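Trainee: Take a look at the following structure, please.
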Amino acid sequence: MKCISVYTDNFEAFSDIFEQIVEQEMVENEEKEVEGITVSHSGDVPEHYLERMSTKPEVVVMRDKGRGITILQHGQVFEILLPTMENAVS
């Protein structure tokens, strides 16, 4: 899964730019600013990362089942986990 980190704790601001972020192509370790919020491609994360993070009480898990997207919110960051081609095949 590809992980895009969005550095804000403001859900409304995150919601406003979510679609823009998901639609953008970013390369690993690329960082950009979207409407004043820092967004970075944090690389690929293994499947067990999602399992481990979702068991923590301070982590909020949101899912877009139609697109296979998972969003983790903890502290002052949202992590958007996007399926990669390997995930879609398996």
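Trainee: Can you work out which of the residues in the stretch 1-46 that are in contact with a Leu (Cβ under 9 Å, 6 or more places away or on another chain) and in a strand (DSSP E or B) is farthest from G75 (Cα to Cα)?
Mentor: Among residues in the stretch 1-46 that are in contact with a Leu (Cβ under 9 Å, 6 or more places away or on another chain) and in a strand (DSSP E or B), the one farthest from G75 (Cα to Cα) is K2.
Residues are listed down the side, and each one gets a yes or a no for (1) acidic (D, E); (2) at pLDDT below 95; (3) within 14 Å of the chain's Cα centre (by Cα):
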residue	(1), (2), (3)
T8	no, no, yes
E12	yes, no, no
I17	no, no, yes
M26	no, yes, yes
E51	yes, yes, no
V61	no, no, yes
E79	yes, no, yes
E86	yes, yes, no
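Trainee: Another one. How many of the residues making up the stretch 47-68 are hydrophobic (A, V, I, L, M, F, W, C) and either open to solvent by 80 Å² or more (accessible area, probe 1.4 Å) or assigned to a helix (DSSP H, G or I) (or both)?
Mentor: 2
Trainee: Of all the residues that make up the stretch 36-46, how many are open to solvent by 40 Å² or more (accessible area, probe 1.4 Å) and modelled with pLDDT of 95 or more?
Mentor: 2
Trainee: Taking F78, is it among the hydrophobic types (A, V, I, L, M, F, W, C) and either in a strand (DSSP E or B) or exposed (fewer than 15 other Cβ atoms within 10 Å of the Cβ) (or both)?
Mentor: Taking the combined requirement at face value, the residue satisfies it.
Trainee: Moving on to the next point. Just checking, which of G75, G43 is among the small types (G, A, S) and farther than 17 Å from E12 by Cα?
Mentor: The conditions single out G43.
Trainee: Still on this model: Between G43, G75, G36, which is out of contact with any strand residue (DSSP E or B) (no Cβ under 7 Å at 6 or more places or on another chain) and touching a residue at least 24 places away in the same chain (Cβ under 8 Å)?
Mentor: G75
The values are calculated or read from the model by the stated rules, or taken from the named source; none is laboratory data. Treat the numbers as computed from the prediction; the structure is a model and nothing was measured. Methodologically, a virtual Cβ is constructed for each residue, glycine included, from the backbone with ideal geometry; neighbour enumeration extends over all protein chains shown. Each accessible area value is taken on the protein alone, full model and side chains, heavy atoms only, with ligands, DNA and RNA left out. Shrake-Rupley method; radii C 1.70, N 1.55, O 1.52, S 1.80 Å.
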